[in-house]
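A.B. asks: The structure follows.
What follows is calculated from the coordinates using simple rules that are stated; it is not laboratory data. Predicted model, so just to flag it, every value in this text is computed and none were measured. Ideal geometry is used to build each Cβ from the backbone, glycine not excepted, and the neighbour counts take in all protein chains shown.
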Amino acid sequence: MGREPEIITSKDKMRRWSRAMRAQGKAIGLVPTMGYLHKGHLALVNEVRQHAQLIVVSIYVNPGQFSTSEDLSTYPSDFNGDLQKLMSVPGGVDVVFNPHDLYDYGSWRGTEGMEKKEDVGEVSCLEEKGGGHETWVRVEKLEKGLCGKSRPLFFRGVATVVSKLFNIVEPDVAVFGKKDYQQWRIIRRMVRDLDFAVKVIGSDIVREDDGLAMSSRNVYLSPEERQKALTINRSLSKAKHAAEEGQINCKILQDSVILAIEEAGGKVDYAEIVDQETLEAVEEIKAPVVICIAAWFGKARLIDNIEINA
Ligand code: PAF
């Protein structure tokens, strides 16, 4: 077992630590997570080590990216298990930043008795909870398609919490998994548009031996559903192969993916071939694209993708 990371829970202490380290000329790498770590997260830690001397892993389940219809309270967590996993990584990590409430502004007293309103459409868990937070970061076009269609407030919550983490940790580099392709593109665009002094790196998808993309949500799959969910990766690989063999018609490729998943008992939320940068749908593959998919198997909504560098 490797060295124990320092656990920091306060925003001020985190910022003081980072500033002290930077004054010593050390580059800081951040891996933002919501905990319940798996090998995919550990690969992000290994990636960030290539770019920074010190590593901060944040563990924070962000209420701002859950809508009230999604279950924030049952999101899986295992803080001690996470620490063990981080200690098992060669070289370990320096700090685990585990804020108890990033949206706690101390003196705010206007939330007592605040009730969830039924008639205001999509509301995030954070708004339901109150607290007076009202500033959001939106990456207006990139957040709309793909996962943004069924989760309209999700990327607003992600971009906002990542901005907060960048402002508190002040990292030089941050690594995001490319399994969450849209999230990764959104963070890169936000960093460019708002001039954050952070280099954002995308890390390749880490898969189980049988091809299933690693995800904290895989725990929701029964053994039978897990087997069936393998069609996601298989159908994506097949479509990529077909594209490389000359099938450039996106509708044909998308339909083949949808059919395979539905035949296996999955429910497709979307299967789209989009431009790698703009995430806009394309009809024919003529430039680098990515096939993005979200599908339900039982209670688990799984996402996956595959890049085609035409
Ligand atoms: O990918 C995730 O786990 C989350 O969306 C992130 C980036 C940690 C923000 O809460």
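A.B. asks: So what's the stretch 1-84 giving for Cα Rg divided by 2.2 N^0.38 Å, two decimals? Write down the numbers at each step before the final one.
C.D. replies: Numbers: Rg = 14.5 Å, N = 84, 2.2 N^0.38 = 11.8 Å.
Here the Cα radius of gyration is 1.22 times the empirical estimate.
A.B. asks: Next question. Can you tell me the mean projection area, over all orientations, of the convex hull of the stretch 129-216's alpha carbons? Units nm², please. It would help to have the intermediate numbers written out before the result.
C.D. replies: Details: hull surface 28.4 nm².
Seen from a random direction, the Cα hull of the stretch 129-216 projects 7.1 nm² on average.
A.B. asks: Projecting each Cα onto the charge dipole of the chain (Lys/Arg +1, Asp/Glu -1 at the beta carbon, about the Cα centre), which of L42, M21, A260 comes out farthest on the positive side?
C.D. replies: M21
A.B. asks: Relative to the first principal axis of the alpha-carbon coordinates of the chain, what is the inclination of helix 11-23, with its axis defined by its Cα atoms, in degrees from 0 to 90 and to the nearest 10?
C.D. replies: Taking the Cα atoms of the chain, the angle to 11-23 is about 90 degrees.
A.B. asks: In addition: Enter the mean projected area of the convex hull around the alpha-carbon atoms of the stretch 247-310, in nm², rounded to one decimal. Don't skip to the answer; put the middle values down first.
C.D. replies: On the way: hull surface 16.4 nm².
Projected over every direction and averaged, the Cα hull of the stretch 247-310 covers 4.1 nm².
A.B. asks: I would also like to ask the following. About the Cα centre of the stretch 154-310, how large is the charge dipole given +1 on each Lys and Arg Cβ and -1 on each Asp and Glu Cβ? Please answer in debye to the nearest 20.
C.D. replies: Dipole of the stretch 154-310, to the nearest 20 debye: 440 debye.
A.B. asks: Let me ask something else. Can you tell me the dipole magnitude for the chain around its Cα centre, using point charges on the Cβ only (Lys, Arg +1; Asp, Glu -1), in Debye to the nearest 20?
C.D. replies: 860 debye
A.B. asks: Need one word for the stretch 197-264: rounded, prolate or oblate. Basis is the Cα gyration tensor (sqrt eigenvalues a ≥ b ≥ c); a/c below 1.5 gives rounded, then a/b vs b/c decides.
C.D. replies: Numbers: a/c = 2.34, a/b = 1.09, b/c = 2.15.
Oblate shape, in that a/c is at least 1.5 and b/c is the bigger or equal ratio.
A.B. asks: Debye calculation, C-alpha points only, no solvent: report log10 I(q)/I(0) for the stretch 1-45 at q = 0.15, 0.26, 0.31 Å⁻¹, in the same order as the q values.
C.D. replies: The calculated log intensity ratios at q = 0.15, 0.26, 0.31 Å⁻¹ are -0.53, -1.15, -1.16.
A.B. asks: Follow-up question, since we're still on this one. Please compare each pair in K149/K267; K199/K240; K11/K129; K85/K149; K178/K286 to a cut-off of 24 Å on the Cα-Cα distance and tell me which ones are over it.
C.D. replies: With Cα atoms farther than 24 Å apart: K199/K240; K85/K149.
A.B. asks: State the extension gain, in nm to one decimal, for the chain segment bounded by K26 and Q276, taking 0.36 nm per residue of separation less the distance between their alpha-carbons.
C.D. replies: Stretched fully, the K26-Q276 segment lengthens by 86.7 nm.
A.B. asks: State the answer as a single residue: which of L194, Q182, I303 lies farthest towards the positive end of the charge dipole of the stretch 152-310, with beta carbon charges of +1 for Lys and Arg and -1 for Asp and Glu, about the Cα centre.
C.D. replies: The Cα lying farthest towards the positive end belongs to L194.
A.B. asks: Over the chain, what lengths in whole Å, largest first, do the semi-axes of the equivalent ellipsoid take, defined as the square roots of 5 times the eigenvalues of the alpha-carbon gyration tensor? Intermediate results must be reported in sequence, preceding the final value.
C.D. replies: Working: eigenvalues 210, 111, 77 Å².
Each semi-axis is √(5λ); the values are 32, 24, 20 Å.
A.B. asks: If each of A310 and Q53 carries a label point 7 Å out from its Cα toward its Cβ, how far apart are those two points in nm?
C.D. replies: For the pair A310/Q53, the computed spacing is 4.7 nm.
A.B. asks: Moving to a separate point now. If you stretched the chain out fully between H100 and A287, how much longer would it get, using 0.36 nm times the residue separation minus the C-alpha to C-alpha distance? Please report the intermediate quantities before stating the final value.
C.D. replies: Working: separation 187, 0.36 × 187 = 67.32 nm, distance 4.41 nm.
The H100-A287 span can extend by a further 62.9 nm.
A.B. asks: Mind telling me which of P152, P223, P171 comes out most flexible in a GNM of the chain, alpha-carbon contacts under 10 Å?
C.D. replies: P223
A.B. asks: Give me the distance in nm between label points sitting 7 Å out from Cα along the Cα-to-Cβ direction at D210 and D255, one decimal.
C.D. replies: Computed distance between label sites D210 and D255 equals 3.0 nm.
A.B. asks: With Kirkwood's inverse mean 1/r over C-alpha pairs for Rh, give me the Rg to Rh ratio of the stretch 197-310, two decimals please.
C.D. replies: Result: Rg/Rh = 0.98.
A.B. asks: Need one number: nm distance between label points at D193 and M1, each 7 Å from Cα along Cα→Cβ, rounded to one decimal.
C.D. replies: 4.5 nm
A.B. asks: What is the Cα centroid distance between the stretch 25-75 and the stretch 180-232, reported in whole angstrom?
C.D. replies: 12 Å
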